[in-house]
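Down below is the structure, laid out as structure tokens.
Throughout, read-outs are computed from the coordinates displayed, never taken from laboratory work. Owing to the predicted nature of the structure, the values given are computational and were not obtained by experimental measurement. So basically every Cβ, Gly included, is an ideal-geometry build from the backbone, and we count neighbours across all protein chains shown.
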Amino acid sequence: MQATVQSAVAKFGSLDVVVNNAGVMVFKPIEEHTEEDFMRVIRVDLLGAFFFIKEAFRAMRSGGAIVNVSSVHAEETTPNVVAYGAGASVLSRYAFTAPNVTRGVKVASGYSLSP
């Protein structure tokens, strides 16, 4: 993540916007979720975004923007995606945590499939 941020600054001269749009889901009832299921989702959906934002904050000038593409599951979820809903809920608040970011944007997307 640090290398990605450094590469962007080297190429474009500054870092003004960060967009977090990575996510995975595990579809199982909560009683069938394993620790690995839960941690896989949290590592990608929550920790990945957190550590990317952390690195970006160090390079971002005042006035930057953080865009976190979250999910409707941040507000209302189902029993079969408990870890995803938990991660989406916290991710939706990350954009508003840094003093040098003047615009925090939360995008709660609907249903989509990707390969």
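Per-structure values
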quantity	calculated
Amide H partners (placed H, <5 Å) of SER70, local residues excluded	VAL107, ALA108, SER109
Local electrostatic count, MET1, Cβ distance below 11 Å [Lys/Arg +1, Asp/Glu -1]	+1
D_trans [Stokes-Einstein, Kirkwood Rh over alpha-carbon pairs] for the range 2-109, 25 °C, 0.890 mPa s, µm² s⁻¹	170
Rounded to 5, percent antiparallel among DSSP beta bridges of the range 2-109	0
Extended-chain gain in nm, criterion 0.36 nm per residue less alpha-carbon gap, ARG61 and ARG40	4.3 nm
FRET E, pair ASP16, ARG93, Förster distance 30 Å, beta-carbon r, rounded to 0.05	0.90
